[in-house]
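The values are calculated or read from the model by the stated rules, or taken from the named source; none is laboratory data. None of these values were measured; they are calculated from a predicted model. Counting neighbours? That spans all protein chains shown, and the Cβs are built from the backbone with ideal geometry, glycine included.
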Amino acid sequence: MKSSITLFSSLLVIILLSACSGSSNNSTAGTTKFPEGKDLYVSKCTACHKAYEPELHTKDEWQKILDEMGSKAKLTNDEKTIILNYLSERK
């Protein structure tokens, strides 16, 4: 009985972890000319919310969002610029 509970618990943890790390962040798919910006966007911004598609906003809109959210994510000005380059890249 104890081993069944342990097995069930282990499977539950694996399922939950895979759900959390699942690729619902489609904006991370494909190639980019700004891999550093993509990496920063994923690591810094998705700590609090999902990664939004870069095409969702214009460059000006992303700039305003980064200005507002940058302090919450503790982004430097250089990091904001790098992320903005990635987000405003149109494929």
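Results for (1) modelled with pLDDT of 65 or more; (2) surrounded by 12 or more Cβ atoms within 10 Å (Cβ to Cβ), shown as yes or no for each residue.
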| site | (1), (2) |
| --- | --- |
| Ile5 | yes, no |
| Val13 | no, no |
| Leu17 | no, no |
| Ser21 | no, no |
| Gly30 | yes, no |
| Asp39 | yes, yes |
| Ser43 | yes, no |
| Leu56 | yes, no |
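Looking only at residues of region 58-78 that are more than 15 Å from Ser43 (Cβ to Cβ) and among the basic types (Lys, Arg), we find that the one that is surrounded by the most Cβ atoms within 10 Å (Cβ to Cβ) is Lys59.
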